[in-house]
Every structure is written in structure tokens, then in C-alpha cells.
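Report on the structure given below.
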Amino acid sequence: MTPVTVTRGTSPIVLAQPHSGTWLPDEVLEALEPSARELVDTDWRIPELYEGLLPDATVVRAEFNRYVIDANRPPDDASLYPGQNTTGLVPLHDFDARPIWRSAPDEAETARRLALYHAPYHEALRGELERAKAQHGFAILYDCHSIRSEAPYLFDGTLADLNIGTNSGASCSPVIERAVERTCKEAEGFTSVLNGRFKGGWTTRHYGQPDRGVHAVQMEIAQSAYLETEAPPFALSPEKSARLRGVLARVFAAIEDSFGEIA
């Protein structure tokens with residue numbers, strides 16, 4: 001299995017999909033607790049949700065599941081949200097605080113997975129951002145995520161439908177941030193928040209350097225906004241997903257309208 005798939009486009013927008021993969025190497029599958037084998041913490045149906053919305057965009061997708069190693073965590077496993085419950089580079093517990101492993105990976109195994117999966121994903125992502133910037137003078141990383149709308153271990157209450165993360169404004173131009181926030185606020189039937197519980201993971205924080213011409217936005221979508229149910233088999237709802245895809249298409253159009261102000 002190739003750990004990362006790249007679909008190259010001509011747009012300055014690069015779509016990152018670090019958590020939608022479901023592939024597990026045999027040795028990882030065998031080490032999982034039975035309850036973890038349903039991979040419930042996956043960003044389900046993200047590739048289908050975004051398919052065709054921005055045909056010229058580049059897509060960088062991790063094929064491995066986040067239980068193998070989390071491509072949106074820093075290599076040193078430093079917490080992105082100090083003082084809050086979260087999951088690590090190789091998560092030990094799922095979003096319900098249940099143990100994932102029958103035998104947890106040790107440091108050597110984590111280092112092996114970093115080299116085999118995490119590093120190739122980021123090498124590909126970095127390369128595509130550099131290529132887009134060389135071609136256009138700037139690049140925009142749009143980090144595609146989703147999560148259950150309720151996960152008490154991670155956050156209180158019910159999550160907004162559209163959770164925009166810009167590392168509190170540090171990862172992109174204010175022009176882009178305003179464009180995305182305004183479009184989401186105007187989306188009828190959807191709730192949204194800017195830099196709430198999810199301000200952007202390591203991908204957004206690491207690559208988002210607007211002073212160097214690379215802008216990054218994370219979009220964390222509540223799965224109740226586009227799935228039939230937030231449980232296996234995590235089927236896409238045709239009606240819900242069609243409405244949401246309309247909103248996401250307008251988000252991309254708003255970002256594209258900002259190109260002239262950031263070029």
C-alpha cells in the first residue's frame with residue numbers, strides 16, 4: 001500500500017486529507033483492541049464529500065488510518081491543546097477514552113511508523129505546497145477534517161457544523177480568514193465558529209506562514225452535517241451532503257476571490 005496519494009492540479013489550493021484513510025498494516029490490525037477495529041475516529045467520507053468541488057485543486061491524502069500514526073500531530077508529539085483532552089501521535093485512547101491497543105506501540109515502533117507513514121505524507125504535502133507557490137507566487141493549504149458532533153472526552157456539548165481553524169489568525173491572511181468565516185456564517189441551516197475548540201492542528205500551524213506566501217485553514221466538519229448517522233457504516237447522506245457541498249463550493253469560491261489581494 002502506498003502511504004500517500006497525490007492528485008495534482010493547477011490551482012494554488014492544496015487540499016490535505018490526513019485522517020480519511022482506513023488502511024492498516026497487518027501488524028497494526030493484530031495489535032488493536034476489537035472495539036478499535038471499527039476505526040470510529042476516522043474522518044469518514046471526506047474524499048467523497050470534497051470530490052469534484054474544486055477540480056483544479058491538488059489533493060494530498062494519507063491512505064493509512066490515524067491509529068497507525070496521526071499525520072496531523074507534530075513528530076515530537078507535543079500537545080496542540082495543553083490542558084485539554086486530546087489524542088497523540090500514536091493515539092492510545094479513542095475519542096471515547098477507550099483503549100485502542102492490546103499492546104501499545106513502544107518508542108521504537110513509533111519511530112518506525114514516523115519514517116514509514118508520517119514522513120512520506122508530509123514530504124508529499126510540503127512538495128505540493130512548494131510547487132503551487134512557485135507557480136502562483138502563493139499557496140493555500142485547506143486541511144479537510146471531520147469528527148462526530150458529540151465527543152465528551154474532547155469537548156462539551158454539540159460541535160458547530162463548520163469549525164474554522166486559523167491558529168487564532170496566525171496561519172493565513174486576514175482576507176482569507178474573513179472570506180471563509182463570512183461564507184460559513186451566511187450558510188443557511190448550518191452553524192459555524194472561528195477558532196473555537198479546533199484552531200488548527202499541526203498541519204495548519206506548521207505550514208501556515210502567510211509572510212512567506214503559504215496560507216493555511218483547517219475545516220473541521222461535524223459528521224452529523226453530512227452522514228446518515230455517526231455510526232457504522234458511516235454512510236454518506238445524499239441530501240445532507242448535497243447541501244453541505246453547496247456551502248463548501250461557496251467557501252472555495254470565496255477563497256478564490258481573495259487571490260488578487262494576497263498575490
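The values are calculated or read from the model by the stated rules, or taken from the named source; none is laboratory data. Computed from a predicted model, the values in this text were never measured in an experiment. Note that each Cβ is placed from the backbone with ideal geometry, even for glycine, and that neighbours are counted across all protein chains shown. SASA here: full protein model, heavy atoms, side chains in, ligands and nucleic acids out. Shrake-Rupley method; radii C 1.70, N 1.55, O 1.52, S 1.80 Å.
Using a 1.4 Å probe on the protein heavy atoms, what percent of the accessible area of the chain belongs to carbon and sulfur?
Result for the chain: 49 percent of the exposed heavy-atom area is carbon or sulfur.
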Just reorder T2, T86, T42 by solvent-accessible area, largest first, 1.4 Å probe, all chains present.
T2, T86, T42
With the convex hull built on the Cα atoms of the chain, state its orientation-averaged projected area in nm².
12.9
Solvent-accessible heavy-atom area per residue, rounded to whole Å², over the chain at 1.4 Å:
42
At 0.36 nm per residue, and after removing the present C-alpha to C-alpha distance, how many nm does the segment from E256 to L236 gain when stretched out fully?
4.5 nm
Determine the principal axes of the Cα atoms in the range 145-228, then give the extent along each, sorted from largest to smallest and rounded to whole angstroms.
40, 29, 20
FRET efficiency for T2 and D106 from the Cβ-Cβ distance with R0 = 45 Å, rounded to 0.05, comes out at 0.95
Taking H as built 1.01 Å from N, whose amide H comes closer than 5 Å to the amide H of L227, not counting residues under 5 places away?
S237
DSSP beta bridges in the chain: the antiparallel percent, rounded to 5, is 35
